[in-house]
Structure formats: C-alpha cells, structure tokens
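Below: one structure, written as structure tokens.
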Amino acid sequence: MKPHNTKRILVTGGAGFLGSHLCDRLVDEDLDVLCLDNFFTGSKENIAHLLNRPNFELIRHDIVQPIFLEVDEIYNLACPASPIHYQHNPVKTVKTSVMGAIHMLGLSKRVNAKILQASTSEIYGDPEVHPQKEGYWGNVNSIGIRSCYDEGKRCAETLFFDYHRQNGVNIRVVRIFNTYGPRMHPNDGRVVSNFIVQALANEDITVYGDGMQTRSFCYVDDMIRGLIKMMNGPDNFTGPVNMGNPDEFTILELAEKVIKKTGSKAKIVFRPLPSDDPMQRQPDISLAKEKLKWKPSVKLDHGLEKTIEYFDKILK
Ligand code: NAD
Ligand code: UDP
C-alpha cells in the first residue's frame with residue numbers, strides 16, 4: 001500500500017458558509033479534506049464543485065453523535081450561526097456546541113490531531129468594553145434567547161482549554177466576528193444577506209431598532225486566510241484570538257450602502273430590536289497581528305460588491 005503522507009483535514013460544518021470556503025482552500029492546497037455536515041444550514045450546492053476532486057470526501061453526520069476517523073487536523077465549525085437558525089431548536093444548538101466539542105476533542109485526543117474551534121464574538125455578549133480584547137470576560141445573559149448559542153460556545157471554549165490542560169490536546173481557539181460573503185444562506189436572517197436579498201427584490205429593508213447599533217464586518221476570504229494561519233501558527237499559541245475586521249459601521253449605514261450599491265428602490269423600515277441584541281461590536285485584533293501577522297484587507301465596499309454579485313446570480 002502507498003504510504004499516506006498528505007495531511008488529512010476534517011472540517012465539521014464543511015457544507016456551510018465558512019466551511020465550504022475553507023474546504024475550497026484546503027482542497028486547492030492538495031490536502032486530503034473530509035467534509036462532515038448534517039446539512040441543517042449547509043447545503044450540497046456549496047460543495048458540489050468539490051465532489052469530483054480526488055482529495056475531497058463528504059460525510060453526512062451529526063456531531064452530537066461520536067465518530068471515529070483518522071485525521072491530522074480538525075476545524076470544528078459545525079453549529080448554526082445565524083440567530084434565526086440557532087434559535088429554531090435551542091436545545092439542539094447547545095448539544096451541537098457542547099456535545100460536538102466533546103466528541104471532536106475526544107477524537108483529537110485519540111488520534112493526536114490538532115483542533116481549531118470556531119468560537120465567536122458572542123462570547124462577549126453585549127460588551128461593556130469597546131473594542132473587545134481577548135482578556136475581556138464578557139457580559140452575557142445566561143437565560144435569554146441568544147444564550148443557547150452564546151453559552152454553548154462559551155462552554156465549548158471551556159472544554160477546549162480543559163482538554164488542553166488535562167490531556168495535552170493541541171488546541172486553537174478563534175473568536176470570529178461577523179463575517180459575510182458569497183454562500184451565506186439567503187434566508188438565514190443575518191443582516192448582510194437580509195439587506196442584499198431585500199434590496200435586490202426592491203422590498204423593504206428591515207432595520208431593527210433605530211439602526212444605531214454597530215457591527216464590524218469581515219469578508220469571508222480574509223477570515224479563511226486567518227483560520228488557516230491560526231491552525232498553522234506557533235504551537236504554543238492556543239488563543240483565544242479575535243478575528244474580524246475592525247472597521248465598524250452602524251446597521252443604518254450598512255442599509256444605506258446596500259441600497260446605493262444595488263441601485264435599489266427599496267425603502268428602509270424600522271422593526272423592533274430583538275432582545276439581547278448587542279449594541280456595539282468591534283474586534284481588537286492586535287493579538288492576531290502580533291502572533292500571526294494577520295489582518296483583513298478587503299474593505300466593506302468591495303466585499304459588498306462581490307456578495308451582491310453572488311446573490312444577484314443565485315436569485316435570478
Ligand atoms: P453556517 O450555518 O453556514 O454553517 C454551519 C454548518 O454546520 C452548516 O453546514 C450546518 O449544516 C452544520 N451543522 C450544524 N449543526 C451540525 C451538527 N450538529 N452536526 C454536523 N453539522 C452541523 O454558519 P457559518 O457562518 O459558516 O459558521 C460556521 C462556524 O463559524 C459556526 O461554528 C459559527 O458559530 C462560527 N461563527 C461564524 C460567524 C459568522 O459571522 N459567519 C461568526 C462567529 C462564529
Ligand atoms: N439586523 C437588522 N435587520 C435585519 C437583520 C439584522 O437590523 O434584517 C440587525 C440585528 O438586530 C443586529 C445586526 O443587524 O443588530 C446584526 O445582526 P446579525 O443577525 O447579522 O448578527 P449578530 O446580531 O449575531 O451580530
């Protein structure tokens with residue numbers, strides 16, 4: 001038998017928005033890629049173009065159940081990320097984050113694989129510190145409608161660090177801030193996809209609250225480059241590390257940009273702000289810059305144009 005000398009990489013949630021872009025990059029780097037997904041929010045279309053590549057494999061599986069595989073590295077991305085989807089079955093969201101982390105960490109421990117966790121800025125809740133640095137412990141409601149996601153992801157971070165201290169598992173934890181781009185689910189309710197889909201259909205643009213809440217939007221290509229850099233970063237650098245684009249915009253500014261760029265006749269309408277919706281969010285990325293020499297390079301204007309082009313094509 002031919003000796004196996006190509007690294008085998010497992011991407012959980014590999015058929016989702018970020019996961020499918022990550023699979024693209026890893027397949028292009030000639031690594032052996034195992035994409036695992038239960039297709040809750042991901043889709044076969046996202047990875048259809050990879051199915052005939054010899055170094056790509058697709059596994060339908062739910063990480064709430066254990067799985068035995070032989071791999072060298074794991075990117076743990078499986079978890080619905082948009083509020084509509086993660087609130088659809090909140091108990092399942094907690095199970096995916098917590099039991100999923102236990103199963104993936106158990107797998108890493110057994111086969112001695114390096115493992116990266118897709119954590120989130122939601123770890124900081126509705127932050128009282130601005131911009132958010134990794135040392136900030138957060139301001140999170142443990143019993144609200146966002147808690148299944150926020151607390152699930154916090155517990156997953158705890159598990160990562162306990163497996164690291166107790167079992168020496170080689171971990172990487174990245175706190176991802178709002179990321180957007182092609183292959184976002186058109187109906188997932190996240191703000192960038194919602195506004196673009198509404199604008200292209202000349203339907204009302206739904207701004208929640210007064211639109212003065214802020215977010216910082218990172219284009220998907222920058223984020224994928226960051227995740228790969230973190231996986232391949234120095235061995236003593238576990239994170240947690242923030243990754244995102246520090247350019248901060250109000251939601252109203254985003255709505256105005258989308259209307260202008262699509263040339264839409266859509267009008268802005270105001271709707272009630274969902275509970276526990278964070279008022280402001282901006283990553284401090286000095287740690288990623290220092291340790292990984294990573295920073296985003298795609299400006300919101302350019303990223304929006306690429307995303308609009310994508311939605312225009314798939315919605316025709
Ligand atoms: P997504 O919903 O497009 O992708 C998640 C993928 O995980 C989907 O393909 C889904 O089918 C799969 N999945 C969900 N539950 C599963 C389970 N139990 N077993 C197997 N697969 C399962 O979301 P995304 O934006 O690509 O997010 C990917 C990861 O990054 C998530 O863990 C998310 O929490 C994290 N993240 C994303 C953002 C962002 O702005 N996109 C921000 C912070 C964190
Ligand atoms: N938002 C909005 N209109 C929409 C969808 C979202 O005004 O149609 C707001 C939402 O209330 C939040 C921000 O946009 O303040 C970002 O929402 P998203 O769901 O994209 O991400 P998250 O709140 O998890 O950062």
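The values are calculated or read from the model by the stated rules, or taken from the named source; none is laboratory data. Only a predicted model underlies this, so the values are computations on that prediction, with no experimental measurement involved. Please note: Cβ atoms are built from the backbone with ideal geometry, for glycine as well, and neighbour counts cover all protein chains shown. Accessible surface areas use protein heavy atoms only, side chains included; no ligands, DNA or RNA. Shrake-Rupley method; radii C 1.70, N 1.55, O 1.52, S 1.80 Å.
Looking at the structure I just gave you, is PRO240 of a type outside the set (A, V, I, L, M, F, W, C) and open to solvent by less than 20 Å² (accessible area, probe 1.4 Å)? If you could, list the steps in order and put the result at the bottom.
On the way: of a type outside the set (A, V, I, L, M, F, W, C): yes; open to solvent by less than 20 Å² (accessible area, probe 1.4 Å): no.
For PRO240, the condition - of a type outside the set (A, V, I, L, M, F, W, C) and open to solvent by less than 20 Å² (accessible area, probe 1.4 Å) - is not met.
Inspect region 25-43 for any residue being at positive phi, in a loop (DSSP other than H, G, I, E, B) and surrounded by fewer than 21 Cβ atoms within 10 Å (Cβ to Cβ) and give the result as yes or no.
Initially, region 25-43 is screened for residues at positive phi, giving 30, 39.
Those still in the list that are in a loop (DSSP other than H, G, I, E, B) too: 30, 39.
With the extra rule that they be surrounded by fewer than 21 Cβ atoms within 10 Å (Cβ to Cβ), the set shrinks to 30, 39.
There is at least one residue in region 25-43 that is at positive phi, in a loop (DSSP other than H, G, I, E, B) and surrounded by fewer than 21 Cβ atoms within 10 Å (Cβ to Cβ).
Take ASN52 and tell me if it is more than 9 Å from ligand 1 (Cβ to nearest atom) and either assigned to a helix (DSSP H, G or I) or open to solvent by 60 Å² or more (accessible area, probe 1.4 Å) (or both).
On the way: more than 9 Å from ligand 1 (Cβ to nearest atom): yes; either assigned to a helix (DSSP H, G or I) or open to solvent by 60 Å² or more (accessible area, probe 1.4 Å) (or both): yes.
Answer is yes for this residue.
State which residue is farthest from ASN194 (Cα to Cα) when the search covers only region 266-286 and only residues that are open to solvent by less than 30 Å² (accessible area, probe 1.4 Å), not acidic (Asp, Glu) and not in a strand (DSSP E or B). The qualifying residue farthest from ASN194 (Cα to Cα) is ILE285. Residues in region 177-193 that are within 11 Å of ligand 2 (Cβ to nearest atom) and open to solvent by less than 30 Å² (accessible area, probe 1.4 Å): PHE177, THR179, TYR180, MET184, ASP188, GLY189, VAL192, SER193. The condition (being without any contact (Cβ under 8 Å) to a residue 12 or more places away in the chain and open to solvent by 30 Å² or more (accessible area, probe 1.4 Å)) is satisfied by just one residue among GLU128, GLU134: GLU128.
Conditions (1) on the phi > 0 side of the Ramachandran plot; (2) more than 13 Å from ligand 2 (Cβ to nearest atom); (3) aliphatic (A, V, I, L, M), marked per residue:
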site	(1), (2), (3)
VAL174	no, yes, yes
ALA199	no, no, yes
THR206	no, no, no
MET223	no, yes, yes
ASP235	no, yes, no
